[in-house]
Amino acid sequence: MSETPLVFVCVAAKILKQDLTLMLYRLNRSTNSNEKPMTKILLVEDEGILRTTLAQQLTAEGYAVLAAADGERGLELARDEKPDLCIFDVMLPRLDGLSLCRIVSKEQNVPIILLTARSAEMDRVIGLDSGADDYIVKPFGLSELLARIRSALRRANKQNDSIMRLGHIVIDIASHRVWANDKEVKLSSKEFGLLATLVRNRGVVLVRDTLLSEVWGMDFEGDPRTLDVHIRWLRMKLESDPDHPEFIKTVRGVGYRID
């Protein structure tokens, strides 16, 4: 039997080293499918010792870690695995950390922490303007990194709780802003209040009296048909076909529901 060519061994070893963390993560996920999903962290760091050390420490803290040594591989993992938080070194080969940060922040709503050896204020500004949520200067302690991770995840969870999606419609409850097909839609206070009430009770039929009292107040004594008018305005602003609404449904004789 002929010996395995050396070049094949080297290539195989490189592939195994590159994907070992991903393989272990997927194995861990499959063997713990009945447990609460672990928070996924994508770590992209080209310094091998630092990458391995951080991956081990974060795993010991209970996180599922996906690791990559260059920006292009990091982008692949971000797109394939949809991590809960990303940690990118600024100086990465093949695709630098700032460019990686810009791409991922546009494609996903995920908190990003940048690692860098540069401490100048302008470097921090550039990093945050690239879409990062936080910025850590090397060298740093594990306790600092863990604190920043927890803080970023808390902020992300609060933001996610306030943002609701209905197909092409995005509603930010906290800021009272609405987008349809990536374009901001201006709503009156009553229109937004009506939409928010329906969205918070998604799938539930709300009777007319409930909507009127929730949005216009318990002491409302005006024309109850104002509710129908505002529903029509919402459909005109948000629905692709207002005459055949996809989301804001009429339940005849009862009220309205958002699907």
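Here are some notes:
- So Ala147, is it within 30 Å of Arg51 (Cβ to Cβ) and surrounded by 15 or more Cβ atoms within 10 Å (Cβ to Cβ): no
- Hits in the stretch 243-259 (condition: more than 20 Å from Leu212 (Cα to Cα) and either surrounded by 15 or more Cβ atoms within 10 Å (Cβ to Cβ) or β-branched (Val, Ile, Thr) (or both)): Pro245, Glu246
- Count of the stretch 63-90 residues, restricted to those that are in contact with a Lys or Arg (Cβ under 9 Å, 6 or more places away or on another chain) and either hydrophobic (A, V, I, L, M, F, W, C) or not assigned by TED's automatic domain parsing to the domain that holds Phe140 (or both), is 8.
- In the stretch 88-109, the count of residues that are among the aliphatic types (A, V, I, L, M), modelled with pLDDT of 95 or more and closer than 22 Å to Asn157 by Cβ is zero.
- Count - residues of the stretch 61-95 that are outside any strand (DSSP E or B), small (Gly, Ala, Ser) and surrounded by 22 or more Cβ atoms within 10 Å (Cβ to Cβ): 3
- Of all the listed residues (Phe220, Phe192), the sole one being more than 24 Å from Pro111 (Cβ to Cβ), modelled with pLDDT under 85 and surrounded by 12 or more Cβ atoms within 10 Å (Cβ to Cβ) is Phe220.
- Those residues of the stretch 195-217 which are under 17 Å from Met164 (Cβ atoms), out of contact with any Asp or Glu (no Cβ under 9 Å at 6 or more places or on another chain) and either among the small types (Gly, Ala, Ser) or at pLDDT 90 or above (or both), in sequence order: Leu195, Ala196, Leu198, Val204
- Going through (1) touching a residue at least 60 places away in the same chain (Cβ under 8 Å); (2) assigned to a helix (DSSP H, G or I) one by one, Leu115 falls short only on (2).
- Looking only at residues of the stretch 131-145 that are within 15 Å of the chain's Cα centre (by Cα) and touching a residue at least 24 places away in the same chain (Cβ under 8 Å), we find that the one that is farthest from Tyr63 (Cα to Cα) is Gly131.
The values are calculated or read from the model by the stated rules, or taken from the named source; none is laboratory data. Since the model is a prediction, treat every value here as computed from it, not as a measurement. Quick reminder, even Gly has a Cβ in these numbers, built from the backbone with ideal geometry, and neighbours come from all protein chains shown.
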